[in-house]
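The values are calculated or read from the model by the stated rules, or taken from the named source; none is laboratory data. Computed from a predicted structure; not experimentally measured. Cβ placement follows ideal geometry from the backbone for every residue including glycine, while neighbour counts extend to all protein chains displayed.
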Amino acid sequence: MRSESESKAKEIICIICPVGCRIIVKRDKNSSSGYSVSGNECKKGEAYGIEELTNPTRVLTTTVKIEGALYNRLPVRTDGAIPKDKIFACMKVINRIEVKAPVKVGKVIIENILDTGIHLIASRSMLRSMLRSMLRSIKAS
Ligand code: SF4
């Protein structure tokens, strides 16, 4: 029969670097962190494994609608990691907005998204497109 600590063991692929260690994290009352981590080749993997088990977070990268640019979508990302369980709620907020060109890389698109303390920012600059404006006026005439 498996002990309680063994049943809570979780296998995780570390994504901190390209090595991609397969690490096992489990509760360990005897460890100062409360967890034991194995399979990691460095200390970063240990910290990552414990965080993945206790408070998994991700940097969210996606796109938003943009008006007046050559392209219809502007690449955006969060300027820090947000709790994984808030990603879908964040996407609902992001999918409702539309920005106007021009946009400069790093511009804050949504401040403090869902009170996470993290901002959604533009991942690239996008100029106003004269071509789009011309096409729009040709269609209108
Ligand atoms: S444990 Fe260390 S070496 Fe392994 S993937 Fe993570 S960061 Fe890279």
Exercise for review: Please determine, by comparing only the residues of the stretch 107-141 that are assigned to a strand (DSSP E or B) and in contact (Cβ under 8 Å) with a residue 60 or more places away in the chain, which one is surrounded by the most Cβ atoms within 10 Å (Cβ to Cβ).
Suggested key: Leu120
Exercise for review: For the stretch 15-58, enumerate the residues that are within 9 Å of the ligand (Cβ to nearest atom), of a type outside the set (Gly, Ala, Ser) and either assigned to a loop (DSSP other than H, G, I, E, B) or farther than 30 Å from Phe88 by Cα (or both).
Suggested key: Ile15, Ile16, Cys17, Pro18, Val19, Cys21, Asn40, Glu41, Cys42, Lys43
Study note, to complete from the structure: Restricting attention to the stretch 28-49, the residues that are surrounded by fewer than 18 Cβ atoms within 10 Å (Cβ to Cβ) and either under 21 Å from Pro83 (Cα atoms) or of a type in the set (Gly, Ala, Ser) (or both) number exactly 8
Review point. Would you call Lys104 closer than 19 Å to Ile12 by Cβ, basic (Lys, Arg), in contact with a strand residue (DSSP E or B) (Cβ under 8 Å, 6 or more places away or on another chain) and free of Cβ contacts under 8 Å to residues at least 24 places away in the same chain?
Key: no
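Yes/no per residue for (1) more than 29 Å from Ser123 (Cβ to Cβ); (2) at pLDDT 95 or above; (3) assigned by TED's automatic domain parsing to the domain that holds Arg124:
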| position | (1), (2), (3) |
| --- | --- |
| Glu11 | yes, yes, no |
| Ile15 | no, no, no |
| Val19 | no, yes, no |
| Ile24 | yes, yes, no |
| Val37 | yes, yes, no |
| Glu41 | yes, yes, no |
| Gly68 | no, no, yes |
| Arg73 | no, yes, yes |
| Val76 | no, yes, yes |
Review point. Do we find that Ile12 is in a strand (DSSP E or B), within 16 Å of the ligand (Cβ to nearest atom) and more than 30 Å from Lys107 (Cα to Cα) in this structure?
Key: yes
